[in-house]
Amino acid sequence: METLRDLDIVRAVMACGAVLRSADGADAGGLGTLVSRFSPFDTWYEIDSYWEGNFLERTAQGAFAKTMAEQRDNVKCLFNHGYDMQIDQKILGTIDDLREDPDSAVGEVGLFDTSYNRDLLPGLQAGAYGSSFRFRVIRDEWNDEPGKSAANPDGIPERTIKEVRLYEFGPVTFPANPAATAGVRCMTDDYYERVRSRDPQRVDALLVRARAIRTPDAGAAPVGTPAEGAASTTTDAPANATRGLSPDERAAQLRGLELLELA
């Protein structure tokens, strides 16, 4: 399985990924602390993306350890990845804690007392926002022939992410998608639609490179990848609206890269 290594990719936790912890004690004058659990560990979810391809993915505990230790000062907390029409790229607050819990990567952010944060408060208090993060994969492991299982009924390639470089995280809203019921969703395509509005040349260049890597002839996974790391047969299968496409339909979708308009 081939992927574009310098592609910024985006994942989102759909349900209550971002919550507000009320201010108390010495911080009683602030707006509170945003707690974002933005990357659950060892949870299989399906990626079906123009930019990335179609495979099953999970993130291993420890994947954030290096970037949190070495790049923490460069990580930002933004709303909708800095593409909200009103808030834009304004930072939501200071990152007070950035860590790995046993089950997820977690960021805690003391919210600035600003008008744009006050606009977000009702949604945060109601748990109405998901949580998303943008990153690049530094190290991963692929199982190109995992076989079929409960988590992977079609036997598509599987990737375990071992190390990432984290750029930003924060609360997000989502376009309507009734089929997106899995706990983690790929939002890379949506992210690059927004990037194109600011940097169309960069997106066009990436499309050319992605098209060169992900041709229909290269759609099949290489043979001989060890089976170690395959999805557990006890894991619940993720929902996906495009599962079950024929090889010809999948190839047509890949060729759609050439016609993709990211307005």
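Would you mind finding the one in GLY82, GLY170 that is at positive phi and surrounded by fewer than 18 Cβ atoms within 10 Å (Cβ to Cβ)?
That would be GLY82, the only listed residue that is at positive phi and surrounded by fewer than 18 Cβ atoms within 10 Å (Cβ to Cβ).
Which of the residues that make up the stretch 137-148 are assigned to a loop (DSSP other than H, G, I, E, B) and open to solvent by less than 20 Å² (accessible area, probe 1.4 Å)? ASP144, the sole residue that qualifies. Among the residues that make up the stretch 187-204, is at least one of them assigned to a strand (DSSP E or B) and either out of contact with any helix residue (DSSP H, G or I) (no Cβ under 7 Å at 6 or more places or on another chain) or under 22 Å from MET85 (Cα atoms) (or both)? Within the stretch 187-204, not a single residue is assigned to a strand (DSSP E or B) and either out of contact with any helix residue (DSSP H, G or I) (no Cβ under 7 Å at 6 or more places or on another chain) or under 22 Å from MET85 (Cα atoms) (or both). If you go through the stretch 48-79, how many residues are in contact (Cβ under 8 Å) with a residue 12 or more places away in the chain, open to solvent by 10 Å² or more (accessible area, probe 1.4 Å) and small (Gly, Ala, Ser)? Going through the stretch 48-79 one residue at a time, the tally reaches 3.
Every residue in the stretch 94-122 that is more than 21 Å from the chain's Cα centre (by Cα) and small (Gly, Ala, Ser), please.
GLY110, SER115
Taking the criterion of being at pLDDT 90 or above, farther than 23 Å from ALA128 by Cβ and either surrounded by 19 or more Cβ atoms within 10 Å (Cβ to Cβ) or not aromatic (Phe, Trp, Tyr) (or both), the residues of the stretch 19-47 that qualify are ASP42, TRP44, GLU46, ILE47.
Return the residues of the stretch 100-121 that are among the charged types (D, E, K, R), free of Cβ contacts under 8 Å to residues at least 60 places away in the same chain and either exposed (fewer than 13 other Cβ atoms within 10 Å of the Cβ) or not in a strand (DSSP E or B) (or both); say none if nothing qualifies. Once the filter is applied, which keeps residues that are among the charged types (D, E, K, R), free of Cβ contacts under 8 Å to residues at least 60 places away in the same chain and either exposed (fewer than 13 other Cβ atoms within 10 Å of the Cβ) or not in a strand (DSSP E or B) (or both), the stretch 100-121 yields only ASP119.
The values are calculated or read from the model by the stated rules, or taken from the named source; none is laboratory data. If you're wondering where the values come from, they're calculated on a predicted model, not measured in any experiment. Every residue, glycine among them, receives a Cβ derived from its backbone with ideal geometry; neighbour counts consider all protein chains shown. Please note that ligands, DNA and RNA were not included when accessible areas were found on the heavy atoms of the full protein model with its side chains. Shrake-Rupley method; radii C 1.70, N 1.55, O 1.52, S 1.80 Å.
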